[in-house]
Number of protein chains: 2
Amino acid sequence: MYDLVQPRNRIPANTESVDDYLKAILELGGPEEARVTSNALAQHLGVRAASVTGMLQKLALQKPSYVKYEKHHGVRLAPAGKMRALEILRHHRLLERYLHDFLDYSWDEVHDDAERLEHFISERLEDRIAAKLGYPETDPHGHLIPERNGALPPRQEVLLSKWACGVPAVVSSVSDRDSSALREMERLGLRPGVGIKVEAGTRGATVLVRIGSGVEPVRLSERLAAGISVLAGPAPAR
Amino acid sequence: MYDLVQPRNRIPANTESVDDYLKAILELGGPEEARVTSNALAQHLGVRAASVTGMLQKLALQKPSYVKYEKHHGVRLAPAGKMRALEILRHHRLLERYLHDFLDYSWDEVHDDAERLEHFISERLEDRIAAKLGYPETDPHGHLIPERNGALPPRQEVLLSKWACGVPAVVSSVSDRDSSALREMERLGLRPGVGIKVEAGTRGATVLVRIGSGVEPVRLSERLAAGISVLAGPAPAR
DNA sequence: GATCAAATTTAGCCATGCCTAAATATTATG
DNA sequence: CATAATATTTAGGCATGGCTAAATTTGATC
Ligand SMILES: [Mn+2]
Ligand SMILES: [Mn+2]
Ligand SMILES: [Mn+2]
Ligand SMILES: [Mn+2]
């Protein structure tokens, strides 16, 4: 009985679960790559904390370790894990842009399909998609697409809720996780690149903003505002 | 503790494995939907026969039974299983056509990527792809694409090795599983739609054929010939 | 119809990843 | 600093889908 080929276990490649954990650690750790707690991961992944612990222990073992894990103190990505997470993130954002630009998906439809397919596209498909798109820099929500080598230029984005009144800003990106929020933003003309100014008039966590060349300021619900990030920018055109 | 959402088990949908078994039964059963043996499945799927038995027993139980399974006598698809198998086959062939026509894949490159993605595309993506392609009838290898409702027109294809000498035929489809064979066929101008005539001169299982308007007959290896199916057709143009 | 080889199934394991319940560690508070 | 609340880990299971080795069944042959 010779060394049987096992098409299924063919390469000790990553499972969908492993990829999802790595990507979640990348996202939750933020640009500072802070430690991420088991609870945060559990919530983000829709899984119980006990399951997270189990997975983190496995990821920490691996031949080239994927994460640095200290019991009771959260995880960070190790270099190999960060590489892989960025690769998946690149898949996700390229797919979103492709579905949007070439297959008539609206920006609130792209996320779910990209979320699944990101785990299964080959290097070849990744490259062909990137080529067709002309090597784009951002996805339909304004998120930067990591380069093939994992490079991801940092950006000084700030949540809209943290932006000062009266200072002109430009929408840099919006969260892609809530499609009804995306449809609402679409309706309001709130998309990446649009100028925006926060007006005085905070009520709770809602924000009063003037969008683009809009005459009337609009009050954004907390949910909506929470999904918007901005950069310093010119005042809305008059 | 309320009814927790489990994003992973979200729908008791099919696993990749289940889909692969159903598709394999469809393919191995042929147009007559003959019973398929455990061994044949094991070989086709790259899995041990014991594993096949286990899976068949599970598929036979299922709420809407996927297969009719008689111990020691092979399986056939039950209606629900046939539906699902055709759905996956549709995905596969649409993907092959799309990768070929829109993403610059050569016909020997499409199979592997389609084989993986077929399990993960949404109804929405399936529809958008079909629309972009203009609702095509065949994939790049000449295989018919099942319709959305599972309809798959029968076709009187015959293996080239079974075709009579001298009777003009047209290549209807070629196997997509062996990419080096596909490159060879490409080189010879052997593609669906091309006229072909078998010449006298059988040697072993090789076949001597005149392709299209070719002057010199070509001898096809057994491996190559085994992947070609033909229909009755006009003589090659002179 | 007995016998034997090949095909198939059963039995018993293993790895993944998830879950609940029960420890245990950390952190915040008085 | 002791204690309580919170976070995290451990322990013990379950389902899926593989595998090997050991039955068992089938079907062909004499
Ligand atoms: Mn995912
Ligand atoms: Mn996005
Ligand atoms: Mn497959
Ligand atoms: Mn094909």
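The values are calculated or read from the model by the stated rules, or taken from the named source; none is laboratory data. What you see is a predicted model; the values in this text were computed from it and never measured. With ideal geometry, Cβ positions are generated from the backbone for all residues, glycine too; neighbour counts draw on all protein chains shown. We work out accessible area using only protein heavy atoms, side chains counted, and drop any ligands, DNA or RNA first. Shrake-Rupley method; radii C 1.70, N 1.55, O 1.52, S 1.80 Å.
Does any residue of region A:106-115 turn out to be among the hydroxyl-bearing types (Ser, Thr, Tyr), more than 16 Å from residue A:24 (Cβ to Cβ), open to solvent by 20 Å² or more (accessible area, probe 1.4 Å) and in contact (Cβ under 8 Å) with a residue 12 or more places away in the chain? Yes, region A:106-115 has at least one match. Every condition in (1) free of Cβ contacts under 8 Å to residues at least 60 places away in the same chain; (2) more than 10 Å from chain A (Cβ to nearest Cβ); (3) open to solvent by less than 20 Å² (accessible area, probe 1.4 Å) holds for residue B:153 except the one numbered (3).
Quick grid of which residues meet (1) closer than 24 Å to residue A:108 by Cβ; (2) at pLDDT 95 or above; (3) not charged (D, E, K, R):
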| site | (1), (2), (3) |
| --- | --- |
| B:90 | no, yes, no |
| B:99 | no, yes, yes |
| B:108 | no, yes, no |
| B:113 | no, yes, no |
| B:121 | yes, yes, yes |
| B:132 | yes, yes, no |
| B:138 | no, yes, yes |
| B:148 | no, yes, no |
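Against the conditions (1) open to solvent by less than 60 Å² (accessible area, probe 1.4 Å); (2) over 18 Å from the mean Cα position of the chain (by Cα), residue A:161 satisfies every one except (1). Residue count for region A:46-60, restricted to those that are polar (S, T, N, Q) and outside any helix (DSSP H, G or I): 0. Just for region B:16-55: of the residues that are away from chain A (no Cβ under 12 Å) and basic (Lys, Arg), which one is farthest from ligand 1 (Cβ to nearest atom)? Only one residue fits best here, namely B:35.
Residues that are over 15 Å from residue A:174 (Cα atoms) and charged (D, E, K, R) within region A:194-238 comprise A:197, A:199, A:203, A:210, A:216, A:219, A:238, listed in sequence order. Here residue B:76 fulfils each of the conditions (1) within 16 Å of DNA strand C (Cβ to nearest atom); (2) more than 14 Å from every other protein chain (Cβ to nearest Cβ); (3) part of a helix (DSSP H, G or I) apart from (3).
Annotation note: Cβ proximity below 7 Å between a residue of region A:124-148 that is within 26 Å of residue A:228 (Cα to Cα) and a residue that is of a type in the set (Asp, Glu) and open to solvent by less than 40 Å² (accessible area, probe 1.4 Å) (sequence gap 6+ or interchain) occurs for A:139/A:96; A:140/A:96; A:141/A:176; A:145/A:139. Here A:191, A:187 are screened, and the one residue that is among the charged types (D, E, K, R), surrounded by 12 or more Cβ atoms within 10 Å (Cβ to Cβ) and modelled with pLDDT of 90 or more is A:191. Among the conditions (1) closer than 28 Å to residue B:158 by Cα; (2) of a type outside the set (Val, Ile, Thr); (3) away from ligand 4 (no atom under 16 Å from the Cβ), residue B:63 misses just one, which is (1). Candidates are the residues of region A:92-148 that are of a type in the set (Ser, Thr, Tyr) and more than 14 Å from every other protein chain (Cβ to nearest Cβ); the one that is nearest to the chain's Cα centre (by Cα) is A:138.
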